[in-house]
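**Q** Could you have a look at this structure, given as structure tokens, before my questions?
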Amino acid sequence: MLETVKYLMGSAGANGFGSKSTAEEVTEASPDLRSITAIITGATSGIGAETARVLAKRGARLVLPARNLKAAEETKARIAADFPGSHIIVLPLDLSSLSSVRSFASRFLSLGLPLHLLINNAGKFSHDRAISEDGIEMTFATNYLGHFLLTKLLLNRMVKTAREAGIQGRIVNVSSSIHGWFSGDGIRYLDLITRKKIPYDATRAYALSKLANVLHTKELAERLKEMDADVTVNCVHPGIVRTRLTRDREGFVTDLAFFMASKLLKTIPQAAATTCYVATHPRVAGVSGKYFADCNEVSPSSLGTNRHEAARLWLVSEAMAAERPQQAGFLPDPLPLNRTEEM
């Protein structure tokens, strides 16, 4: 109850920011980002677009991957109109397609640009069951697996940039508090919904994809530490906000739900604040493997802190994202469960 009151009041946390802080406010401590190159997925609307706008205002060079290139060019034009001289590059990317992720990474790397900041922001909520061209449930493929492969393919460039520039690289995975709604064996559940062995639950599938973002953050942080790389990775919950993410569920029920929850909703500038804070603020330097909400470090779900599950998901993800994956519906399990849970 106390946390809800603090949220509604916008009470500042230990770092001086809270639920009412905006992306512009949290980046005031880092006003000059002219030496930074940032990739932001899902920047054509909503939280991603505001994140891109604010980072451009602070001087960052932006690379905007997009499935809809027209929308990305429109975003670029809006930012350029507000901040003449902005350096923005638009490149094609469909995160649900592993071949598209590889093509994007190849195009970006061929530009010879440094990479200081990777913000894995794009998200999808599929109301109906759909399978990606790679044979993976679409929400999981888009929200998690595409970002997993994208990060993997760009990681060496980030490590090299940090070493040569002396500027710590940062990876930000945008998750959601909904990740805590998932319980059970995520890998088995993904296999079952992918092969249509159980009824499709859109909310549970979305929660699983966001849990995967949290587990990815945890495992990648450990691997970066072992590499002695000057790159951090953290996960954020932007808050409750109405964006195009709900476009598949528009209608009276959705409208009514958002109206009733209107007091809990953030504005887009407020929702982008935690991402921008973790991406740029000096206080977050050296912090890695953590979960943030309302610009402050908080605890994810108990499953989201499970190192065994993080390592298990990583190995399965590498198998799914391999250039020559096994047959769709395989979902190999290289690490056994260390607990007994119901589906």
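Just so it is clear, none of the values below were taken in a lab; they were calculated from the coordinates. Because the structure is a prediction, the values reported are computed rather than measured. Here Cβ is always computed from backbone atoms with ideal geometry, including for glycine, and neighbour counts include all displayed protein chains.
**Q** Considering the dipole of the stretch 65-121 built from charges on the beta carbon (Lys and Arg +1, Asp and Glu -1) around the Cα centre, which of ALA72, PHE108, ILE119 is farthest to its positive end?
**A** PHE108
**Q** Then there's this: Suppose each label sits 7 Å from its Cα in the direction of the beta carbon; what would the ARG195-LEU315 distance come out to in nanometres?
**A** According to this spin-label approximation, the distance is 1.9 nm.
**Q** So, one more: Just order 192-203, 168-179, 58-69, 124-135 by mean Cβ neighbour count inside 10 Å, highest at the front, would you? Write out the running numbers ahead of the final one.
**A** Working: 192-203: 14.7, 168-179: 24.6, 58-69: 21.6, 124-135: 16.4.
Ranking the peptides 192-203, 168-179, 58-69, 124-135 by packing returns 168-179, 58-69, 124-135, 192-203.
**Q** While we're on this one: Taking a virtual spin label 7 Å from the Cα of LYS152 along the C-beta vector, which residues in the stretch 104-130 bring their backbone nitrogen under 11 Å of it?
**A** None, by backbone N distance to the label point.
**Q** Can I ask one more? Largest first and in whole Å, what are the equivalent-ellipsoid semi-axes of the stretch 68-168 based on the Cα gyration tensor, each being the root of 5 times an eigenvalue? Before the final figure, lay out the partial values.
**A** Details: eigenvalues 132, 78, 26 Å².
One finds semi-axes of 26, 20, 11 Å for the stretch 68-168.
**Q** Now a separate question. Between SER35 and LEU265, 0.36 nm times their residue separation minus their Cα-Cα distance comes to what? Show your work: numbers first, answer last.
**A** Values: separation 230, 0.36 × 230 = 82.80 nm, distance 3.40 nm.
Residue separation times 0.36 nm, minus the Cα-Cα distance, leaves 79.4 nm.
**Q** Starting from 0.36 nm per residue, how many nanometres of slack lie between ARG307 and GLU323 once their C-alpha separation is accounted for? Walk me through the numbers before you get to the answer.
**A** Details: separation 16, 0.36 × 16 = 5.76 nm, distance 2.63 nm.
My answer for the length gained is 3.1 nm.
**Q** Give me the net charge of ASP82's neighbourhood, meaning all other residues with Cβ under 10 Å from the Cβ of ASP82; Lys, Arg count +1, Asp, Glu -1. Write down the numbers at each step before the final one.
**A** Numbers: positive: ARG53, LYS57, ARG78; negative: none.
After counting each charged neighbour, the total is +3.
**Q** So, in Å, what gap is there between the alpha-carbon centers of the stretch 125-163 and the stretch 177-211?
**A** If you average the Cα positions of each part, the centres end up 17 Å apart.
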